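Note sheet for the following structure.
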Amino acid sequence: MDERRILIVEDERTIADSVADRLRAEGFTVRTAADGPAGVAAFERERPDLVVLDVMLPGFDGLEVCRRIQAERPVPVLMLTARDDETDLLVGLAVGADDYLTKPFSLRELAARVHALLRRQDRAAAAERPDEPVLRVGDLEIDRAERRVRRDGAEAHLTPTEFDLLAHLAARPRRVHPRDELLAAVWGWSDGGSGTRTVDSHVKALRRKLGPDLIRTVHGVGYALDVRP
Ligand code: CA
């Protein structure tokens, strides 16, 4: 059983209760808060390992909660949004959430996202070796010194840009990377515009070379690297 703590900040009682029940059934210790100020207070008091955070909250909203708790201590945040376009907006604001789930969502999907975020954090903690040139994520191996990539032992031949894009995605697996962020990080473009199509075409190339299941499209937002643990 996983005894880690999860804080749910959600003012809709039925959603908060059903999410809490599901996460308790998964073995987590769960606390809930129903508005912004109570959420921040509960975060300071309970020191959770992960926060499930609704955007629209009384007091102050989920964006403000996210800013305050992330300023205090980095913690995975799964943001609950009302609509896809709200997710787009939040990603644009770079509020610091690690993943987004649009309502209505299935409890199974929510539990899967929670486990994925915690696994990613565990791996990051285990792999904190800044001098280590070889990045391993699931069955993917990225040698940053030699600029070589293998998946499941088989070498893939990537262009320099494809390599940089993959390395950027793999540095923070499962995190949703907006197209604009990728353009800035990999291509050095500060203004996205039609350049986002460039990102799309490179992702397509990586999928062709490394398998279609490697990079997940987050509709209207960007991409995340998903690999088998
Ligand atoms: Ca709400």
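The values are calculated or read from the model by the stated rules, or taken from the named source; none is laboratory data. Note that the structure is a prediction, hence the values are computed from the model and not measured. Here Cβ is always computed from backbone atoms with ideal geometry, including for glycine, and neighbour counts include all displayed protein chains. Remember, those area values only see protein heavy atoms, side chains included, never the ligands or the DNA or RNA. Shrake-Rupley method; radii C 1.70, N 1.55, O 1.52, S 1.80 Å.
To keep it simple, each residue is scored yes or no on (1) among the charged types (D, E, K, R); (2) over 23 Å from ARG174 (Cβ atoms).
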{"residue": "ALA25", "(1), (2)": "no, no"}
{"residue": "ASP35", "(1), (2)": "yes, yes"}
{"residue": "ALA38", "(1), (2)": "no, yes"}
{"residue": "ARG45", "(1), (2)": "yes, yes"}
{"residue": "LEU63", "(1), (2)": "no, no"}
{"residue": "ILE69", "(1), (2)": "no, no"}
{"residue": "PRO76", "(1), (2)": "no, no"}
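Among the listed residues ARG113, ARG108, identify the single one that is open to solvent by 50 Å² or more (accessible area, probe 1.4 Å) and more than 15 Å from the ligand (Cβ to nearest atom).
Working: ARG113 fails: open to solvent by 50 Å² or more (accessible area, probe 1.4 Å).
That would be ARG108, the only listed residue that is open to solvent by 50 Å² or more (accessible area, probe 1.4 Å) and more than 15 Å from the ligand (Cβ to nearest atom).
Give me the helices (runs of 4 or more DSSP H) completely within the stretch 1-88, filtered to those with at least 1 residues that are surrounded by 15 or more Cβ atoms within 10 Å (Cβ to Cβ) and within 17 Å of the chain's Cα centre (by Cα), ordered by residue number. Before you say what the answer is, go through the steps one by one.
Values: elements: 13-25, 36-46, 62-72.
Filter on the stretch 1-88 gives 62-72.
Within the group LEU118, LEU135, which residue is closer than 30 Å to LEU53 by Cα, in contact with a strand residue (DSSP E or B) (Cβ under 9 Å, 6 or more places away or on another chain) and modelled with pLDDT of 80 or more?
Working: LEU135 fails: closer than 30 Å to LEU53 by Cα.
Step by step, each of LEU118, LEU135 is checked, and only LEU118 is closer than 30 Å to LEU53 by Cα, in contact with a strand residue (DSSP E or B) (Cβ under 9 Å, 6 or more places away or on another chain) and modelled with pLDDT of 80 or more.
Return the residues of the stretch 54-98 that are within 15 Å of the ligand (Cβ to nearest atom), in contact (Cβ under 8 Å) with a residue 60 or more places away in the chain and closer than 20 Å to ASP180 by Cβ; say none if nothing qualifies.
THR87
Please give the number of the condition GLY195 fails out of (1) under 25 Å from ASP139 (Cα atoms); (2) open to solvent by less than 10 Å² (accessible area, probe 1.4 Å); (3) modelled with pLDDT under 75; (4) not basic (Lys, Arg).
The single condition GLY195 does not satisfy is (1).
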